[in-house]
Amino acid sequence: MIYLPAHVLGIHAVGDVTINDYRKALLPLLKEQVRRNHKINFVLVLEANIKNFNAGAWCGNIEMGLKYFLRWNKLAIVSDQKDARSFSDLFKYILPGKYRGYALEDIDEAIKWVSEK
């Protein structure tokens, strides 16, 4: 188990990921994170194959990004899939904030970076 500071939100995605997963699991957490901290520092540990993200899940990414448009501070995507880590680079062109991709073996570094104020 990995412990995160109170100002950092983390999700570990495994298996198939759907829009309902986002809505039921992540949206309430993001809402609470914004209420408590006003900004979002987020670590996504992705051990689900990004090919297993259905179209709705990708729309969920966009939906959340826009819903909290000005709240994103730092986002780290941690995955052994290069395409998933590169996905974080797209965010810098769409949303304010800082984004980085990390390999699974570098999860401690990702958490350290996201946790820095």
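Considering each residue of region 64-112, count those that are at pLDDT below 85 and acidic (D, E), and give that number. The number of residues fulfilling the criteria is 2. Would you confirm whether any residue within region 33-50 is in a helix (DSSP H, G or I) and at pLDDT below 75? Scanning region 33-50, I find at least one residue that is in a helix (DSSP H, G or I) and at pLDDT below 75, so the answer is yes. Say we look at region 13-41 and pick out the residues that are under 21 Å from E116 (Cβ atoms) and not hydrophobic (A, V, I, L, M, F, W, C); which of these is nearest to the chain's Cα centre (by Cα)? Here the residue is N41.
Scanning region 1-20 for residues that are surrounded by 15 or more Cβ atoms within 10 Å (Cβ to Cβ) and either under 21 Å from G101 (Cβ atoms) or at pLDDT 90 or above (or both) yields a total of 7.
The values are calculated or read from the model by the stated rules, or taken from the named source; none is laboratory data. Model, not experiment: these values are computed from the prediction. Virtual Cβ from ideal backbone geometry, glycine too; neighbours counted across all protein chains shown.
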